[in-house]
């Protein structure tokens, strides 16, 4: 008996979900799932915000009601609560289960939708929910299909691949893609930006409705540059949800993210929110695809190089001027000076000092690679080569992977750089990098750092800096 259960559990099997939107205010879903089972576990994802005590204590199962489980013959299967992790079958099973339940979001709506980026939010025309809150899973699950049934006039928007000939049907690669993404139900057509095989869907709510033209301008400029930087050629779908909450922050998922800003969006502050959007999109490749073997000691790369990609793509798209890019470098220097640890010793305390320190590492490597190779190699070549070295993201990278990739491109003392200024606490070699780019680091009247064009350099344009700003 137990050996047969273990054998089934080792082979992932497909799952199907039918999701019906019963109510909008507040949202309530009915879910019917056909799931493989090879043991006793019915689970929900345990990652959740703690802003609502009920959810923090009991997890996503606190939103679930009317749970009914039957076997392949239609016989009732007894289940018991396992707290925040989900449920346990009274006896182990192998084969298939039909699981029916409802998910109600009234507790979140009653509290004004706390933590909307990590849980959900709804208004008269949109319902935005994180997949973690919707789907009950089993450990034996592999790919799945999801079909949505919505009221007339409503449509589903997801980052999953639409099933040909199916209204509201989607194919999902695995349980991670099912849970680690956002799902939108809306009365409005999403915005669409296409760059090669990359298809970006945008849902705008609240104050974002008033700046639709500006959102299209920014995304239409920055998305092709991001795709170009990373050399992405695969067919991809990605969902951006712009929430109406006035609170700065973003939450990234596998193929989607939710953004809130601390000031209502406008053309005047588009350089700020545009950079945030570019940063989060780039996490698809650097964070979700490329992953460090050790989370804490690789965040300077994950966050810093992603921030640098956002800065460069905004400049290459001419959404930020050269002067604006230099101002961004100045801000990075100011933030970096506040870093109290080594770049690898930050632990779980991420923030502007680490982001900026990592962005400055990316800048210095970009300059060093360009200078050492006569402009033939740059930091984006490095990232693409690291992607290939790790089996296209199948294996987490280590510093050894990064060093070997860098050394294959240019003879620079990369190990010494890492030992001194990333693993250690020696200052980053900023002055040397600025000189190579025709820049200098000086101070404003108030003592804050300022990066500017070096007047001692020839008035002829610095070709290295020009290529860097154009992302090529």
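Read the figures in this text as sums done on the coordinates, not as results from a lab. Remember, predicted model here, so these are calculated numbers, not experimental data. Note that each Cβ is placed from the backbone with ideal geometry, even for glycine, and that neighbours are counted across all protein chains shown.
In nanometres, what is the gap between the two model label sites at residue 389 and residue 90, each 7 Å from Cα along Cα-to-Cβ?
Result: 5.7 nm between the two label points.
Quick check: residue separation of residue 272 and residue 247 times 0.36 nm, minus the Cα distance between them. What number comes out in nm? All intermediate terms of the calculation are to be shown ahead of the outcome.
Values: separation 25, 0.36 × 25 = 9.00 nm, distance 1.37 nm.
Contour length minus Cα-Cα distance gives 7.6 nm.
How many nm is it between the label spots at residue 34 and residue 415, if each spot is 7 Å from the Cα in line with the beta carbon?
5.7
Based on the Cα gyration tensor of the chain, what are the three equivalent ellipsoid semi-axes, each the root of five times an eigenvalue, rounded to whole Å and given largest first?
Ellipsoid semi-axes (Å, largest first): 44, 25, 20.
How far is helix 379-389 tilted, in degrees, relative to the longest principal axis of the Cα atoms in the chain, given as a value from 0 to 90 rounded to the nearest 10?
40
Residues in the range 107-137 near a label at residue 209, defined as backbone nitrogen under 13 Å from the 7 Å Cα→Cβ point?
Residues 123-127 fall inside that zone.
For the chain, what does the relative contact order come out to in percent, with C-alpha contacts under 8 Å and a separation of six or more?
Dividing the mean separation by the residue count of the chain yields 11 percent.
Which semi-axes, in whole Å and largest first, does the equivalent ellipsoid of the range 286-351 have when worked out from the alpha carbon gyration tensor as the square roots of 5 times its eigenvalues?
Gyration-tensor ellipsoid for the range 286-351: 24, 17, 6 Å.
Mind grabbing the base-10 log of I(q)/I(0) for the range 296-469 at q = 0.15, 0.17, 0.18 Å⁻¹? Debye formula, identical points on the C-alpha positions, no solvent, two decimal places.
-0.86, -1.12, -1.26
Could you work out how much longer the chain between residue 403 and residue 217 gets when fully extended? Use 0.36 nm per residue separation minus the Cα distance between them, nm to one decimal.
Using 0.36 nm per residue and subtracting the Cα-Cα distance, I get 63.2 nm.
Starting from the 7 Å offset along Cα-to-Cβ, what nm value, one decimal, do you get for the label separation of residue 446 and residue 263?
Computed distance between label sites residue 446 and residue 263 equals 1.4 nm.
If each residue's Cβ is checked for other Cβ atoms within 10 Å, how do 204, 377, 235 rank with the fewest at the top?
Details: 204 22, 377 19, 235 10.
The most exposed by this proxy come first: 235, 377, 204.
Using a Förster distance of 22 angstrom, determine the FRET efficiency expected from the C-beta separation of residue 81 and residue 25, and round it to 0.05.
0.15
Based on the Cβ-Cβ distance from residue 289 to residue 350, what FRET efficiency comes out when R0 is 22 Å, to the nearest 0.05? Before the final figure, lay out the partial values.
Numbers: r = 19 Å, r/R0 = 0.87.
Once the sixth-power term is evaluated, E becomes 0.70.
For the residues 454, 366, 426, what sequence is obtained by ranking on other C-beta atoms within 10 Å, fewest first?
On the way: 454 16, 366 25, 426 13.
With the fewest neighbours first, 454, 366, 426 line up as 426, 454, 366.
How large is the direction-averaged shadow of the alpha-carbon convex hull of the range 134-291, in nm²? The partial results should precede the final answer.
Numbers: hull surface 40.5 nm².
If I average the Cα hull's projected area over directions, I get 10.1 nm².
Suppose the chain between residue 296 and residue 467 were pulled fully straight at 0.36 nm per residue; how much longer would it get relative to their current alpha carbon spacing?
58.3 nm
The range 240-269 to the range 304-367: how many Å between their Cα centroids?
20
Identify the residues of the range 118-155 with backbone N under 12 Å of a label point that sits 7 angstrom from the Cα of residue 54 along the Cα-to-Cβ direction, or state none.
Once the point is set 7 Å along Cα→Cβ of residue 54, nothing inside the range 118-155 turns out to lie under 12 Å by backbone N.
What ranking do 70, 405 get, fewest neighbouring Cβ atoms within 10 angstrom at the top?
By the 10 Å Cβ count, ascending, the order reads 70, 405.
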